[in-house]
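The values are calculated or read from the model by the stated rules, or taken from the named source; none is laboratory data. Just so it is clear, the structure is predicted and the values come from calculations on it, not from any experiment. Neighbour counts are summed over all protein chains in view; Cβ atoms, including those assigned to glycine, are modelled from backbone coordinates with ideal geometry. When the accessible area is computed, the model is the full protein with side chains, heavy atoms only, and any ligands, DNA or RNA have been set aside. Shrake-Rupley method; radii C 1.70, N 1.55, O 1.52, S 1.80 Å.
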Amino acid sequence: MFQKCRRWRACCGVVGRFTAFRFTVDPSPSQVVVLARHAGASRFAFNQCLALVKEALDAKRRDGSVVVPWSGFDLINAFNSWKTSAQAGRRFVVDRSGSTEMVATGLSWRTQVCQQVCEEAAVDLGRGLSAWTDSRGGKRPGRRVGFPTFKRKSRSRASFRIRCTTKAGRASIRVGDPTAGPRSVCLPKIGILRVREDTRRLRRMIRTGRAGIRYATVSCRAGRWTVTVTVEAADLHPAHRHSPRPDADGSGWVGVDRGLAALVVAADTTGRQVLRVDDPPRPLRTALPRLRRLSRQVSRRQPGSRNRAEAAARLGRAHLRVANVRRHFLHTVANRLVKTHDRLALEDLHTAGLLRNRRLAAAISDAGWADLARIIGYKQRWRGGQATPAPRWYPSTRMCSACRTTGPALPLSVRVFGCDECGHTADRDVNAAVNLAVWAEQQHVQTRDPEARGPVTNAPREAGSGQRPRAGETSLDDGGTPPPRTPVTAGTPEKGGVS
């Protein structure tokens with residue numbers, strides 16, 4: 001039925017979406033052993049594939065004709081060839097005549113785990129190698145990615161992934177199997193896992209053909225096993241999606257300003273405040289006394305002892321609760337925004353740079369600005385809306401929303417914006433949100449040339465269609481230098497700072 005649903009979406013020109021459902025596993029003692037065995041097999045396969053890559057690289061330095069397995073497909077073939085060879089396992093057989101013969105047995109435990117666990121580990125290594133190559137070649141933006149390293153049992157998180165296959169009309173991964181009850185997930189080679197949450201929503205989507213399981217990821221964090229079922233689902237119902245707007249309509253934009261005094265302040269171009277979140281939970285600040293006490297308990301235990309392991313587990317559970325509380329609240333705020341507004345404009349904050357400020361790093365981390373922007377982005381796409389980031393250096397905090405005059409930087413202690421030109425006063429965060437909404441409306445009105453990636457002008461072809469230099473400035477094509485841009489350090493109220 002899901003194949004029929006996908007054909008219907010293809011005919012209608014509708015693109016599906018990928019989403020995940022996470023359930024907490026309640027395993028038995030014997031199932032804990034099986035899950036740990038699969039997690040260890042995934043880690044072993046990753047390390048062995050990385051060792052094969054390094055051996056091939058060393059051999060290629062001596063002989064340039066050696067082929068290095070680099071992609072996930074090549075790594076899978078290399079590991080499958082290695083696991084049945086004498087290097088993976090062998091034994092010596094002595095017959096009656098006294099002659100000794102070596103027999104290649106390969107990995108003796110390879111039949112005890114699902115083979116897809118090792119294959120997915122090889123795929124993960126292939127992605128890491130591709131990311132390293134793209135980062136060195138300048139194809140990958142952001143910080144430079146390092147070469148993959150071996151996974152340690154004591155440091156890496158126990159996790160493995162299994163793909164969903166269909167054999168004789170029966171899927172290998174099943175949710176709510178009739179023989180196991182509704183709160184269960186069945187995995188190949190592992191069996192039925194009891195889960196604590198209700199699976200009704202996912203079961204209904206699969207039964208009606210609106211979702212199909214792609215793979216399941218089982219992981220352990222702070223002593224708690226979870227299974228995440230990733231599905232390819234149909235688009236949301238039209239009643240839950242935003243109504244499409246004509247291209248010429250540039251209205252309806254809402255600016256979203258993120259800060260510390262108020263986590264989220266949203267306002268439209270008219271200055272009307274549509275949402276304000278002044279009471280975030282701040283889970284890290286609330287749990288900090290307990291985290292300090294548990295950290296002291298860990299440091300007082302003897303390294304390598306059982307008491308230290310138990311104390312570290314308690315500390316890990318406390319940190320996990322902090323992360324869960326923050327994530328739940330961010331999803332709640334994001335849902336309030338994307339369900340009521342189809343056009344959102346967010347400021348592009350340099351969160352990694354802001355964390356260098358030792359006075360504000362803890363508060364910024366506790367707010368979760370980057371996660372909030374990421375959640376709003378994909379939820380808005382699901383509902384057919386728009387979420388656009390404003391430039392990082394756009395002076396939304398220093399600009400007057402009434403006369404559009406840019407003033408000096410405001411210290412964090414000043415919570416009311418006042419314009420010296422027109423005398424307009426407004427809340428600092430509301431003024432920034434209005435400026436973001438106005439910027440998005442102005443950018444939407446401008447017609448863009450898809451080939452030039454810039455505003456359309458009437459310039460001749462040889463002159464290009466990029467931005468024209470303003471009065472008093474020199475174009476880079478003329479051998480001049482770009483206009484100076486004042487750097488903004490962490491802690492200032494400019495974009496890239498906090499408000």
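Descriptive notes on the structure:
- Normalised by residue count, the chain yields a Cα convex hull volume of 256 Å³ per residue.
- A simple count of charges around L320, restricted to other residues whose Cβ falls under 10 Å of its Cβ and scoring Lys, Arg +1 and Asp, Glu -1, yields +4.
- Computed with every protein chain present, the accessible area of I192 is close to 60 Å² [probe 1.4 Å].
- Solvent-accessible ranking of F18, F329, F44, F23, largest area first, probe 1.4 Å: F18, F44, F329, F23
- Zone of A180's modelled label, taken as backbone nitrogen in the range 228-255 under 18 Å from a point 7 Å along Cα→Cβ: 228-231
- Lysines whose Cα lies under 28 Å from that of K339, excluding same-chain neighbours fewer than 8 positions away: K379, K495
- For E310, solvent-accessible area (1.4 Å; no DNA, RNA or ligand), Å²: 80
- Whole-angstrom gap from the range 189-206 to the range 123-171, using each part's C-alpha centre: 26
- Projecting the Cα atoms of V265, M205, G191 onto the charge dipole of the range 161-266, computed from C-beta unit charges around the Cα centre, puts G191 farthest toward the positive end.
- Beta bridges by DSSP in the chain, antiparallel share as percent, to the nearest 5: 85
- Net length gained if the chain between L412 and N357 were fully extended (0.36 nm per residue, minus Cα distance): 18.4 nm
- In the range 163-267, the trypsin sites (Lys or Arg not before Pro) that fall in loop regions by DSSP, at most 16 other Cβ within 10 Å: K189, R196, R241
- Among L349, L410, V93 the positive-end extreme of the charge dipole of the chain (Cβ point charges): V93
- Net charge of neighbours whose Cβ lies under 13 Å from the Cβ of H38, counting Lys and Arg as +1 and Asp and Glu as -1: +3
- Accessible area in the full protein assembly, largest first, 1.4 Å probe, for D177, D420: D420, D177
- Here the accessible area of the chain is 50 percent carbon and sulfur, with a 1.4 angstrom probe and all protein chains present.
- When the C-alpha to C-alpha distance is required to be over 30 Å, the pairs from K153/K189; K83/K151; K60/K167; K83/K153; K60/K151 that qualify are K60/K167.
- Spin-label model, R96 to R272: label points 7 Å out along the Cα-to-beta-carbon direction sit 9.8 nm apart.
- Between R221 and W109, the C-beta separation translates, for a Förster distance of 25 Å, into a calculated FRET efficiency of about 0.50.
- Ranked from largest to smallest solvent-accessible area, with a 1.4 Å probe on the protein heavy atoms, W109, W82, W393, W369 come out as W393, W109, W82, W369.
- Applying 1/(1 + (r/R0)^6) with R0 = 35 Å to the Cβ-Cβ distance of A86 and T149 gives a FRET efficiency near 0.80.
- Once the Cα-Cα distance is subtracted from the 0.36 nm per residue extended length, the R285 to A36 segment shows a gain of 86.3 nm.
- In the chain, the calculated helix contribution to ellipticity at 222 nm averages -12000 deg cm²/dmol per residue, counting -39,500 (n - 2.57) for every DSSP H run with n ≥ 4.
- Simple point charges give the picture: +1 on the Cβ of Lys and Arg, -1 on the Cβ of Asp and Glu, and for the chain a dipole about the Cα centre of about 2840 debye.
- Once the 1.4 Å probe is applied to the protein heavy atoms, the range 293-348 comes out at 58 Å² accessible per residue.
- When the square roots of the Cα gyration tensor eigenvalues are ordered a ≥ b ≥ c, the ratio a/c for the range 313-380 is 1.5 or more and a/b does not exceed b/c, which makes its shape oblate.
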